[in-house]
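Here the structure is laid out as structure tokens; the discussion comes afterwards.
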Amino acid sequence: MGFMSGVITGVAVAAGAAAWYMSRSGERFRDQYRVDRKLGELGDQIEARTREIQASVNAQVAEMRASSTGSTGAATADAAETLDDAQASAAEAAAELAAEVEARAAKVKKAAKGVSQE
């Protein structure tokens, strides 16, 4: 009788330990998945902002080209200056976006490293 109760107790303890270990392993996986999902959302935001900036720059370039067609040399020089300004502002916006992305990526990387070390 003692042998059978020992076997049943051992099996129950082993099943409980296995369930506890699986729940802990799943927690680490869920945390990792959240980090991956956050990185994916960050990438989507970057892509959307890049498209917005590219569309506005393309519109400004098209506007400058349209206004410079059929005008005198002075107007062409003004259009070139305005075009350079538009390109400079687009470059500044891209640099700000890149800095923001770097900052967010560093935060996510730090969070991922903290989760993986636990």
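The values are calculated or read from the model by the stated rules, or taken from the named source; none is laboratory data. Remember, predicted model here, so these are calculated numbers, not experimental data. Neighbour counts are summed over all protein chains in view; Cβ atoms, including those assigned to glycine, are modelled from backbone coordinates with ideal geometry.
Among residues of region 44-69 that are more than 28 Å from A99 (Cβ to Cβ), those with a beta-carbon under 7 Å from a residue that is part of a helix (DSSP H, G or I) at least six positions away or on a different chain give the pairs S67/A79; S68/A75; S68/T76; S68/A79. From the list S67, S116, S71, the one residue that fits, being farther than 20 Å from I46 by Cα, of a type outside the set (A, V, I, L, M), in a helix (DSSP H, G or I) and modelled with pLDDT under 65, is S116.
Yes/no matrix, rows are residues, columns are (1) modelled with pLDDT under 75; (2) among the acidic types (D, E); (3) part of a helix (DSSP H, G or I):
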residue: G26; (1), (2), (3): yes, no, yes
residue: E41; (1), (2), (3): no, yes, yes
residue: Q60; (1), (2), (3): no, no, yes
residue: Q87; (1), (2), (3): no, no, yes
residue: A111; (1), (2), (3): yes, no, yes
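With respect to the stated conditions, R49 is modelled with pLDDT of 85 or more, surrounded by 11 or more Cβ atoms within 10 Å (Cβ to Cβ) and of a type outside the set (G, A, S).
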